[in-house]
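This report refers to the structure that appears directly beneath it.
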Amino acid sequence: MYNGQEVLEFEVSPPGRSGALGNNIVELSGNIARGQFQRTVPFEVQIPSRQKTLAGRYTARLEVSLYSDASSVGELADRQYMELVVDVLPRIDASFGTDPVAHQKSQTLDFGTLRQGQKSSLDFSVTANTGYSIKMVSDNRGVLRHEFTQSSIDYDVFLDGNVVSLEGSPPNDVLLSAVTNSHHRMDLLITGNTETGLAGHYSDRLTLVISAD
């Protein structure tokens, strides 16, 4: 089955005898009993699982030919065509780490005692069968907020080496777009003056928004 240049494999087989990939001709034999005028001949069309292909509509055409076995060569008695149509739905999986299906949906970065110039990094991976976009939102709009006051310490976020603006909420800017599996690196750099900061615990929460285009 085709969707442009993309291919989705399928198989045609007698009922209960699937697994014959690679053969584009399936023969079903039988006969019509004396006194009867028709017979139903079932067959199955199956799409094997775990195929990696892009989302979209895939189509194919089956040619169904009826041959008479009354002669030694088998004469063509009739021929019909049927269209096969399958919609492959978009799917996106993402996880922190190098395995996009590891289901690691959250990650904590603990800087310990804050110092200006500190840097910490983490990875996340995406697998998709459709184009997707990545945005990022910060609960505190790009600063580390003191646990009891409005005191804050600035920090910068880099995605694949490019600085990310976190001042908007909700996020409006697409940070990057892709159509294939991808691996990304996030770097966080403490830029504020920690020497004059109020003592206490500072934090922020970042949310990655990954959506199909």
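General observations
- Every residue from the range 71-95 that is closer than 30 Å to Asp156 by Cβ and either among the hydroxyl-bearing types (Ser, Thr, Tyr) or loosely packed, with under 12 Cβ neighbours inside 10 Å (or both): Ser95
- Qualifying residue in the range 44-62 (condition: over 28 Å from Met1 (Cβ atoms) and of a type in the set (A, V, I, L, M, F, W, C)): no
Yes/no per residue for (1) within 30 Å of Asp87 (Cα to Cα); (2) open to solvent by 60 Å² or more (accessible area, probe 1.4 Å); (3) touching a residue at least 12 places away in the same chain (Cβ under 8 Å):
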{"position": "Gly97", "(1), (2), (3)": "no, no, yes"}
{"position": "Ala128", "(1), (2), (3)": "yes, no, yes"}
{"position": "Thr149", "(1), (2), (3)": "no, no, yes"}
{"position": "Leu159", "(1), (2), (3)": "no, no, yes"}
{"position": "Val163", "(1), (2), (3)": "no, yes, no"}
{"position": "Val174", "(1), (2), (3)": "yes, yes, yes"}
{"position": "Asn181", "(1), (2), (3)": "yes, yes, yes"}
{"position": "Thr196", "(1), (2), (3)": "no, yes, no"}
{"position": "Ser211", "(1), (2), (3)": "yes, no, yes"}
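- Looking at Ser68, Ser133, just one residue is among the hydroxyl-bearing types (Ser, Thr, Tyr) and open to solvent by 30 Å² or more (accessible area, probe 1.4 Å), and that residue is Ser68.
The values are calculated or read from the model by the stated rules, or taken from the named source; none is laboratory data. Because the structure is predicted, anything quoted here is derived from the model rather than measured. Glycine also receives a Cβ, built like all others from the backbone with ideal geometry; neighbour counts cover every protein chain displayed. The protein model used for the area step is the full one, side chains on, heavy atoms only, and it has no ligands, DNA or RNA in it. Shrake-Rupley method; radii C 1.70, N 1.55, O 1.52, S 1.80 Å.
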